[in-house]
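Since the structure comes first, as structure tokens, the remarks are kept for the end.
The values are calculated or read from the model by the stated rules, or taken from the named source; none is laboratory data. Predicted, not measured: the structure shown is a model, and the values here were computed from it. Please note: Cβ atoms are built from the backbone with ideal geometry, for glycine as well, and neighbour counts cover all protein chains shown. Note: areas computed on protein heavy atoms with side chains; ligands, DNA, RNA excluded. Shrake-Rupley method; radii C 1.70, N 1.55, O 1.52, S 1.80 Å.
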Amino acid sequence: MEYDIEKQVKQTIEKYHLIDDKKEKVVVALSGGKDSTSLLFILHKLGYNVFGLMIDLDLGDWSKIHNKNMIEFCKTLGVKLTIVDLKKEIGHGICFIKSILKKQKNLTGCTVCGIIKRYILNKYARKLGADKIATGHNLDDECQTVLMNFLKGNVFLGVNSSPVSGEIGTKGFVQRIKPFFFVPENEIKKYSLKNKFKILYDKCPCAIGTYRVETRKWFNDVNLSSKEKLKIVSEFQKLIPKLKNKNQQEIRECEVCGEPSRNKVCNACKIFECLK
Ligand code: AMP
Ligand code: ZN
């Protein structure tokens, strides 16, 4: 039987209460790739109140093409799109930030990018009055995260990975939802190709030689079936409440910027400190 991606998204939204009311303002974080583009398309088709939010990472032609594609895509759907220019926002492009962090803290690749993206998405989604931020993370991403944390010898790192993160009402924090949490990546790709979305399928040019890229290679070689991936992710979800009790860190305000943080100073501000 053919996989029904729209049905799976609907089920996840209902079961985990990702969006309880069609009036809720859902900001979809758009990278320009197949996952977030398909997500915006499906949520819009299901009648949710969606908006697009994209960070221009200033990665040359790659960013320019992604921006152009998303402007056209949102226009066709009649969805409002906001683009935040990273360089204007924090004074540097992502490659520069990564190179400084590599030199100073030996922090590599996708971790730095993830911190910066989360910081900007939260700040702008809040400015836009969003109730939720939806990202295109899929089953393969989640499965890789579970296995990666295990390989790092620290399963506790996954304590906050779930289809919905953060409590409603935490000051300054816009809840993040992942409607593709249980959807395998190949099904999203099929859907995107079937619908002939005008997008790029290339991986991020900046993600070279990072731990995540290495894990992804290994992950693809292991060649798990969708059923096996689903089992790994679902079983880990059952474990989270047990892990949480012992390791719960409250979200509070960062002492420097006031954005929500699990520590005194948020990870983004720690990065900004290195750029001074
Ligand atoms: P990635 O970490 O690149 O695999 O992206 C995971 C998710 O984060 C995507 O599906 C998007 O929802 C979001 N995202 C990634 N890059 C951007 C970006 N430049 N602007 C806005 N959202 C993004
Ligand atoms: Zn901060």
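Of the two radii for the stretch 211-256, the radius of gyration is 1.18 times the Kirkwood radius, both from the alpha carbons; that is the Rg over Rh value.
Between the DSSP loop rule and a limit of at most 13 other Cβ atoms within 10 Å, which trypsin sites (Lys or Arg not before Pro) in the stretch 100-175 are left?
Working: sites: 102, 103, 105, 117, 118, 123, 126, 127, 132, 152, 171; in loops: 152, 171.
Sparse-neighbourhood loop trypsin sites (Lys or Arg not before Pro): 152, 171.
Applying the Kirkwood pairwise sum to the alpha-carbon positions of the stretch 47-177 produces a hydrodynamic radius of 16.7 angstrom.
Where q = 0.14, 0.15, 0.18 Å⁻¹, what log10 of I(q)/I(0) comes from the Debye formula for the stretch 3-87, counting one point per Cα? Each listed q corresponds, in turn, to -0.50, -0.57, -0.77.
Size descriptor for the chain, Kirkwood hydrodynamic radius: 19.4 Å (Cα pairs only, one decimal).
On the accessible surface of the stretch 1-80, probed at 1.4 Å, how many percent belong to carbon and sulfur atoms? Taking all protein chains in place, the stretch 1-80 shows 53 percent carbon and sulfur surface. The mean sequence separation of alpha-carbon pairs under 8 Å and at least six residues apart, normalised by the residue count of the chain, gives a relative contact order of 23 percent. Per-residue ellipticity at 222 nm computed for the chain from its helices equals -16500 deg cm²/dmol, with DSSP H segments shorter than 4 residues left out and the rest contributing -39,500 (n - 2.57). Protein heavy-atom surface of the stretch 148-276, 1.4 angstrom probe: 54% of the accessible area is carbon and sulfur, with nucleic acids and ligands not counted. Across the stretch 117-132, coupling constants 3J(HN,Hα) worked out from phi with the 6.51/-1.76/1.60 Karplus curve, θ = phi - 60°, read 4, 4, 4, 5, 4, 5, 4, 6, 4, 5, 4, 7, x, 6, 8, 9 Hz, and Gly and Pro carry x.
Within the stretch 189-273, report the chymotrypsin sites (Phe, Trp or Tyr not before Pro) that DSSP leaves as loop and that have at most 10 other Cβ atoms within 10 Å. Each step should come with its number before you reach the end.
Details: sites: 191, 197, 201, 211, 218, 219, 236, 272; in loops: 197, 201.
In loop regions of the stretch 189-273 (DSSP not H, G, I, E or B), the sparsely surrounded chymotrypsin sites (Phe, Trp or Tyr not before Pro) are 201.
Roughly speaking, what % of Cα-Cα pairs in the stretch 152-197 are separated by over 13 Å, rounded to a whole number? I get 69 percent for the Cα pairs in the stretch 152-197 exceeding 13 Å. Surface exposure of the chain, expressed per residue as accessible area with a 1.4 Å probe, stands at 54 Å². Partners of residue 87 within straight-line reach, counting aspartates and glutamates whose Cα lies under 19 Å from its Cα and excluding those fewer than 8 residues away in the same chain: 56, 58, 61, 273.
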